[in-house]
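The values are calculated or read from the model by the stated rules, or taken from the named source; none is laboratory data. Bear in mind that the values here come from a model prediction, so they are computed numbers and not experimental data. Note that each Cβ is placed from the backbone with ideal geometry, even for glycine, and that neighbours are counted across all protein chains shown. Only protein heavy atoms, including side chains, enter the accessible area calculation; ligands, DNA and RNA are left aside. Shrake-Rupley method; radii C 1.70, N 1.55, O 1.52, S 1.80 Å.
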Amino acid sequence: MVASGDGRKKAKRGWLGLVLAFLFGLGIATLHISANPLIESVEQGATLDWRFRLRGPQAPPNDIAIVVIDDQSLGRYGQWPFKRAKLAEAVDRLTTAGAKTIGIDILMSEHEGELTGSTNRLTPGEAQLIASLKRHGRVVLAMAMLFNNGSPTGGAGQDASDISLRVVAKPAIGAVKPLTADGLLQPLPEFQQVATVGQVNQQADGDGVTRAQYPVIAFEDWFVPSFPVMVAAAQQDLPIDAIALSLDGKLSIGQESIPLDYDLGLALNHLGPAGTFMTYSFLDLMENRIPDALLRNRVVLLGGSATSLGDTFQTPFDPTLPGVEALATGVANLLHGDSLIRTNEQRAVEAVVIVALTLLAWWLGLRSSGPRWGLAFNALLLTGWLAFAQIMFVMEHRWVAVAGPSMAIVMGAALGAIARMVLERRLRSEVERQRGNLAQYVPPTMVDTLADRATPAFDEREQMAAVLFVDLQGFTHASESRSPADTAHFLKEFHGQLEDVVTAHQGIVAQFLGDGALALWGLPQPRAEDAALALACARDMLLRLARWQPNNPARVGLHYGPVAMAQLGGRHQAQLAAAGDTVNVASRLEAAAKATGTILVISDDMVSAVRALGRDDLIKGLISRRDQPVRGRDKPISYWSAASCAELA
């Protein structure tokens with residue numbers, strides 16, 4: 001079977017919307033998986049922050065404490081940076097209290113003051129601090145990675161071999177280029193001999209909010225671990241050799257594997273605003289006002305929070321979170337495995353979901369029973385995805401994309417709505433075209449009924465109806481002298497005359513029967529005045545046809561009674577019909593007119609129905625004939641008749 005051209009066009013139009021929706025979804029998925037800055041800014045700056053706020057602050061772990069150099073401490077000890085001897089005293093107090101791991105978020109890359117004696121490489125305070133660091137044995141010092149040639153001497157010639165990871169896997173497929181620095185700002189070498197080192201760089205997003213830390217930053221061929229990584233490893237009694245990085249997005253600290261983001265970042269699971277962690281003043285530490293039990297076996301981070309130090313970062317919970325508390329967040333995430341999960345594999349899955357959501361939203365917009373329903377269904381789809389993302393965020397610490405999927409749903413819904421409007425416009429045009437075609441084959445009063453219903457309301461309905469048969473006298477004889485084309489033209493004109501007069505009297509021509517026709521009153525709904533309308537039509541019809549063809553008078557048979565209105569025929573071809581004896585009687589009355597040489601014969605029942613309506617004027621000129629034999633009927637029929645148009649005028 002060969003498809004028609006119209007069918008091929010419809011199929012093509014149907015596939016076009018699907019292909020467009022797929023291409024839009026694929027485009028959004030590509031932007032998502034490539035970390036397009038526009039989508040990422042929405043994902044981070046809007047959707048992630050409201051997820052934190054919707055979840056609210058959470059209780060911090062009990063194994064991390066912070067000692068801050070606050071405004072009160074600076075007021076007491078006067079200058080910044082503090083003397084190394086003062087820091088040494090703080091380390092000793094923490095050692096005495098039983099702190100398991102100490103992290104000092106203070107850069108100590110230069111000597112303090114003037115060195116005394118040409119052979120001394122350290123000040124007394126520095127020597128005191130080294131001794132304190134050595135006594136504790138588990139201290140992590142801060143260093144910084146420099147970018148854009150920010151090192152005072154540039155990056156050339158600097159050695160990071162002692163502070164870089166020993167185990168770095170570089171897979172051939174899926175490897176990501178890490179964030180790369182061009183300089184180092186390390187603690188004094190003597191400090192590094194008695195303590196470990198980690199970089200404290202905090203990278204803010206484009207809107208200035210810190211949402212991630214980089215566990216490893218590259219420098220030349222080395223990979224320098226972060227301060228939180230080194231603190232977490234020390235707290236678990238793990239050396240730097242136990243830390244491994246795979247450039248496809250995995251960080252291992254001992255047996256714990258930590259998934260990293262697409263750019264090897266650690267998405268921070270922020271716990272709350274400043275003060276969320278157990279936080280104590282440096283002054284309280286120095287004056288022994290912190291019970292040892294609050295520090296014992298814990299990670300203790302020492303850093304600044306004083307206003308003048310300016311070491312603050314903006315987070316979803318706090319516009320001025322102290323840097324040491326941001327580092328504490330990273331330590332907590334690493335120690336307890338509750339950093340936000342957002343991997344390359346997850347991005348790939350989300351890209352597939354984005355395409356699927358676009359297609360689903362398009363389908364909902366297209367297939368819904370109306371634009372409002374399409375909008376409602378897609379609103380539910382969007383709400384469902386947002387709820388799913390929030391549940392995964394709270395329950396699984398998984399950062400599920402929202403910006404890309406939301407854009408996919410909105411775009412898919414818009415495409416679906418547009419497609420539906422185009423479809424509805426096309427359907428309206430098709431309906432009008434079909435109505436126009438239908439009007440050529442059925443009476444105008446029936447067009448809406450047949451076009452709007454799969455099964456007409458009158459199908460197999462029993463009711464009262466008026467049935468009229470009309471036949472043109474002498475047509476067969478006259479056709480002998482006409483060509484087939486002339487005969488067709490004559491019949492077409494004749495049928496037009498019948499249609500005009502029947503329609504004018506609110507009837508329908510159910511069938512054209514060559515030189516005759518069958519007309520009905522009672523479709524699409526029966527009316528009380530059907531009998532009067534039918535008789536008035538019969539009178540006007542005979543007068544009109546007599547004027548049109550005076551040499552070929554017409555004959556009419558008319559009856560009023562019960563019928564079954566039905567759409568008869570097969571599955572593919574049907575016609576309107578009235579079934580029942582009333583139809584047979586009307587046909588026999590038309591035949592009786594021929595036999596008796598009259599032009600109009602109507603049944604007694606028709607006359608009774610017309611009189612009941614008070615239309616005795618329609619009986620004028622008719623003569624009652626009682627108990628007349630009618631061919632094809634066993635019993636005689638009483639009817640009324642008129643012999644000529646003069647009796648009807």
- Task: Determine the distance separating the Cα centre of region 340-399 from the Cα centre of region 232-268; give it in Å without decimals.
- Result: 31 Å
- Query: How large is Rg/Rh for the chain, to two decimals, with Cα atoms and a Kirkwood Rh?
  - Reply: 1.45
- Task: Compute the length gained on full extension between ASP540 and GLN58: take 0.36 nm times their separation in residues and subtract their Cα-Cα distance, giving the result in nm to one decimal.
- Result: 164.3 nm
- Query: For the chain, how many pairs of lysine residues have a Cα-Cα distance under 29 Å, where the two are 8 or more positions apart or belong to different chains?
  - Reply: 12
- Taking the Cα atoms of region 250-319, report the difference between the largest and smallest coordinate on each principal axis, in whole Å and largest first. 45, 32, 18
- Item | Overall dimensions of region 160-289 by Cα: Rg and Dmax, Å | 16.3, 56
- Message: 5 Å is the cut-off here: which amide hydrogens, built 1.01 Å from N in the peptide plane, fall below it relative to PHE313, excluding neighbours closer than 5 in sequence?
- Response: LEU321, GLY323
- Item | In sequence order, calculated HN-Hα J values of region 309-323 (Karplus, 6.51, -1.76, 1.60; Hz; x Gly/Pro) | 6, x, 8, 10, 9, 8, 10, x, 9, 8, x, 9, 6, x, x
- Task: Determine, from the Cβ-Cβ distance of LEU380 and ASP338 and an R0 of 30 Å, the FRET efficiency 1/(1 + (r/R0)^6), rounded to the nearest 0.05.
- Result: 0.45
- Determine how many Å³ per residue the convex hull of the Cα atoms of region 195-243 encloses. 87 Å³
- Item | All-pairs Cα distance distribution in region 273-359, expressed in whole percent, bin size 5 Å | 3, 11, 16, 17, 14, 11, 8, 6, 5, 4, 3, 1, 1, 0
- Task: May I ask for the angle, rounded to the nearest 10°, between helix 5-33 and the longest principal axis of the chain, with both axes built from Cα atoms and the value confined to 0 to 90°?
- Result: 10 degrees
- Item | the chain - accessible surface per residue (Å², probe 1.4 Å) | 47 Å²
- Note on the structure: Longest principal axis of the chain (C-alpha) makes with the long axis of helix 124-136 (C-alpha) an angle, in degrees to the nearest 10, of 60 degrees
- Task: Determine the equivalent ellipsoid of region 357-417 by diagonalising the alpha-carbon gyration tensor, then write out the semi-axes as square roots of 5 times the eigenvalues, largest first, rounded to whole Å.
- Result: 24, 11, 7
- Counting only residues 5 or more apart in sequence or on a different chain, those whose built amide H sits under 5 Å from that of ILE217 are VAL224
- Query: Which whole-Hz couplings ³J(HN,Hα) result when phi for each residue of region 89-97 is put into the Karplus expression 6.51 cos²θ - 1.76 cosθ + 1.60, θ = phi - 60°, listed in order with x for Gly and Pro?
  - Reply: 4, 5, 4, 4, 5, 5, 5, 5, 6
- Query: Using the beta-carbon distance between SER41 and LEU179 and R0 = 22 Å, what value does 1/(1 + (r/R0)^6) give for FRET efficiency, to the nearest 0.05?
  - Reply: 0.75
- State the dimensionless ratio Rg/Rh of region 483-596 (Rg: radius of gyration of Cα atoms; Rh: Kirkwood radius). 0.97
- Message: Taking every DSSP beta bridge with both residues inside the chain, roughly what % is antiparallel (nearest 5)?
- Response: 65 percent
- Message: So if I take the alpha carbon set of region 44-148, get Rg, then get Rh from the Kirkwood formula, what is the Rg over Rh ratio?
- Response: 1.10
- Item | Whole-percent carbon and sulfur share, accessible surface of the chain, 1.4 Å | 56 percent
